[in-house]
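*Asks:* Dumping the structure here so I can ask a few things about it.
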Amino acid sequence: ATNANHVAIAREMASASTVLLKNEGGVLPLARGARVLLLGSACASPFHRSPSEGQWDTTDYYSMGGSGRVIAGASAQYTIERGLREREAKGDLERLTTVHGEQVWTALEAMRGGIDVVIACGGARTSEGHDRPNLRLDQDGFLSDIARRARQERAKDAAFPPLVVVALAPGAIVAPWAGNAHAALAMFLPGQETGRALADVLLGDVIPSGRLPVTFPKNEHGVVPVCWDNRCPYSERLKVGWRGLHGQPVAFDFGHGLSYTSFEHSWTSTPSQRASSQGAAPTANGGAVVLRLDVTVRNTGSRAGADVVQLYLRYPAAAGEPELVMRDFRKTATLQPGEAAQLSFGVTAEGLSTWDSALNSGNGDWQRVRGSFVAVIGRSSRNHSLSHSFEA
């Protein structure tokens with residue numbers, strides 16, 4: 001970012017895309033004046049390169065290494081620790097204590113020293129031309145151990161501080177620490193404003209509304225493996241990523257993301273089928289609208305917040321499609337407690353089509369699928385609130 005407006009946009013993008021994975025007992029947002037302990041080297045992990053250095057594919061926890069990236073100068077680089085130090089200086093936190101290593105016993109002793117909340121950080125790196133060898137965070141073992149011990153200690157003593165894990169992820173990860181963590185957030189290569197953006201979310205200045213663009217699997221079994229020799233059979237076909245994990249237990253599903261408030265979905269009116277696009281909701285695919293879906297979203301919690309409503313389709317079995325296919329998503333404006341908003345979705349003829357490589361003399365073409373469909377409205381690929389069956 002090269003000017004104040006660009007910095008503000010970078011900060012907004014990083015905070016808006018932060019995903020609240022878990023928030024047991026309303027640990028977050030932090031109370032003003034909280035005493036916070038930061039654990040782990042990733043909380044202050046440096047930005048690897050300066051603009052004057054020429055190693056193009058070196059990466060860090062904040063951006064992907066590669067030929068198309070832009071590197072911020074040192075004064076503009078906000079690690080998690082630097083972002084929270086800034087808020088400590090403003091009086092939003094009473095005290096910020098840090099333990100930079102990954103020694104469990106040292107961390108446990110620090111957690112007993114008049115702390116309200118513990119934040120443990122982990123990250124993984126990726127770069128152009130490099131596959132990750134696995135889906136674990138670099139600090140996976142430490143995070144799992146400290147989360148387990150924190151869970152045990154808090155079960156014996158309610159005054160023991162809860163643990164929040166922050167994952168700086170370049171894509172899908174496994175999260176064996178998630179079950180024992182009291183809260184968890186994921187940030188995806190959030191850039192130069194990482195620390196400030198995270199502080200905004202932790203302190204409730206920004207209500208989290210990010211959603212996972214990938215599934216976090218339970219483990220690495222069943223996911224597409226790393227291909228080492230560049231001869232990679234695509235045997236998964238359409239069932240890549242979250243579509244291939246249907247029916248399997250996962251840590252956090254595609255589209256998942258919590259808020260500091262809660263929402264309720266209902267039909268504004270009965271879903272209606274139509275033969276033309278006249279008066280229909282705008283859609284990402286365009287074309288004639290086959291089905292219109294009007295949804296009312298109501299904030300049923302005690303804080304303001306925005307919801308992201310997702311539309312999935314279940315195709316007729318003969319179509320050979322994955323169990324569910326995402327067709328659209330829409331985000332509400334910020335809703336005050338008790339306030340409602342209406343969202344409209346349109347399923348188009350194009351949205352009911354699949355690619356058939358045998359058509360058009362073997363060159364392939366789109367083929368309209370006919371039969372019984374189900375439109376599913378929800379907050380993620382596995383958290384469904386409404387559904388409507390229709391023939392098309």
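*Asks:* Look at segment 354-375 and say how many of its residues are in contact (Cβ under 8 Å) with a residue 24 or more places away in the chain and over 25 Å from residue 387 (Cα atoms). So that I can check it myself, show each step before the final result.
*Replies:* Just the residues of segment 354-375 that are in contact (Cβ under 8 Å) with a residue 24 or more places away in the chain, to begin with: 354, 369-375.
Add one more test, that the residue is over 25 Å from residue 387 (Cα atoms), and what stays is none.
Of the residues in that region, 0 qualify.
*Asks:* Can you tell me which residues in segment 118-132 are crowded, with 22+ Cβ neighbours inside 10 Å and more than 15 Å from residue 45 (Cβ to Cβ)?
*Replies:* Answer for segment 118-132, where residues must be crowded, with 22+ Cβ neighbours inside 10 Å and more than 15 Å from residue 45 (Cβ to Cβ): just 118.
*Asks:* Sticking with this one: Of the residues in segment 116-150, how many are part of a loop (DSSP other than H, G, I, E, B), of a type outside the set (Lys, Arg) and under 30 Å from residue 230 (Cα atoms)?
*Replies:* Step one: of segment 116-150, the residues part of a loop (DSSP other than H, G, I, E, B) are 116, 124-126, 128-129, 131-139.
With of a type outside the set (Lys, Arg) added as a condition, the list becomes 116, 124, 126, 128-129, 131, 133-135, 137-139.
Of the ones still in play, those that are also under 30 Å from residue 230 (Cα atoms) are 124, 126, 128-129, 131, 133-135, 137-139.
Number of matching residues: 11.
*Asks:* On to the next question. Within segment 4-28, take every residue that is touching a residue at least 40 places away in the same chain (Cβ under 8 Å) and β-branched (Val, Ile, Thr) and give me the one that is nearest to residue 75 (Cα to Cα).
*Replies:* So, considering only residues that are touching a residue at least 40 places away in the same chain (Cβ under 8 Å) and β-branched (Val, Ile, Thr), the one nearest to residue 75 (Cα to Cα) is 7.
*Asks:* Pairs only if they're at least six apart or on different chains, beta carbon under 6 angstrom, first in segment 305-329 and outside the structural domain of residue 205 (by TED's automatic domain parsing) and more than 21 Å from residue 267 (Cβ to Cβ), second in a loop (DSSP other than H, G, I, E, B) and among the small types (Gly, Ala, Ser); list them, first residue then second.
*Replies:* That search, which allows pairs on different chains as well, returns 305/259; 316/371.
*Asks:* Here's a follow-up. Does at least one position in segment 360-371 carry a residue that is basic (Lys, Arg) and modelled with pLDDT of 95 or more? Step through it out loud before you land on a result.
*Replies:* Let us first name the residues in segment 360-371 that are basic (Lys, Arg), namely 368, 370.
With the extra rule that they be modelled with pLDDT of 95 or more, the set shrinks to none.
No - not one qualifying residue is present in segment 360-371.
*Asks:* Another one. Residue by residue through segment 376-392, note down the ones that are of a type in the set (Gly, Ala, Ser) and either under 24 Å from the mean Cα position of the chain (by Cα) or under 24 Å from residue 213 (Cα atoms) (or both). Outline the logic, then answer.
*Replies:* Here is the first cut: in segment 376-392, the ones of a type in the set (Gly, Ala, Ser) are 378, 380-381, 385, 387, 389, 392.
Of everything in segment 376-392, those that are of a type in the set (Gly, Ala, Ser) and either under 24 Å from the mean Cα position of the chain (by Cα) or under 24 Å from residue 213 (Cα atoms) (or both) turn out to be 378, 380, 381, 385, 387.
*Asks:* Separate question: Looking at 112, 136, 95 in this structure, which one is surrounded by fewer than 19 Cβ atoms within 10 Å (Cβ to Cβ), free of Cβ contacts under 8 Å to residues at least 60 places away in the same chain and either among the hydrophobic types (A, V, I, L, M, F, W, C) or under 13 Å from residue 37 (Cα atoms) (or both)?
*Replies:* Details: 136 fails: either among the hydrophobic types (A, V, I, L, M, F, W, C) or under 13 Å from residue 37 (Cα atoms) (or both); 95 fails: free of Cβ contacts under 8 Å to residues at least 60 places away in the same chain.
Answer to the check: 112.
*Asks:* If a residue must be buried (at least 18 other Cβ atoms within 10 Å of the Cβ), closer than 8 Å to residue 348 by Cβ and at pLDDT 65 or above, how many such residues does segment 277-298 contain?
*Replies:* So the answer is 2.
*Asks:* Restricting the search to segment 189-213, which residues are modelled with pLDDT of 95 or more and within 13 Å of the chain's Cα centre (by Cα)?
*Replies:* Correct list: 208, 209, 210, 211, 212, 213.
*Asks:* Is it the case that some residue within segment 170-182 is closer than 23 Å to residue 44 by Cβ, in contact (Cβ under 8 Å) with a residue 60 or more places away in the chain and aromatic (Phe, Trp, Tyr)?
*Replies:* Checked against the condition, which is being closer than 23 Å to residue 44 by Cβ, in contact (Cβ under 8 Å) with a residue 60 or more places away in the chain and aromatic (Phe, Trp, Tyr), segment 170-182 yields no hits at all.
*Asks:* Testing residue 362 on (1) within 30 Å of residue 29 (Cα to Cα); (2) surrounded by fewer than 16 Cβ atoms within 10 Å (Cβ to Cβ), one condition comes back false. Which one is that?
*Replies:* With (1) within 30 Å of residue 29 (Cα to Cα); (2) surrounded by fewer than 16 Cβ atoms within 10 Å (Cβ to Cβ) applied to residue 362, the lone miss is (1).
The values are calculated or read from the model by the stated rules, or taken from the named source; none is laboratory data. Owing to the predicted nature of the structure, the values given are computational and were not obtained by experimental measurement. Positions of Cβ are generated from backbone atoms using ideal geometry, with glycine treated the same way; all protein chains shown enter the neighbour counts.
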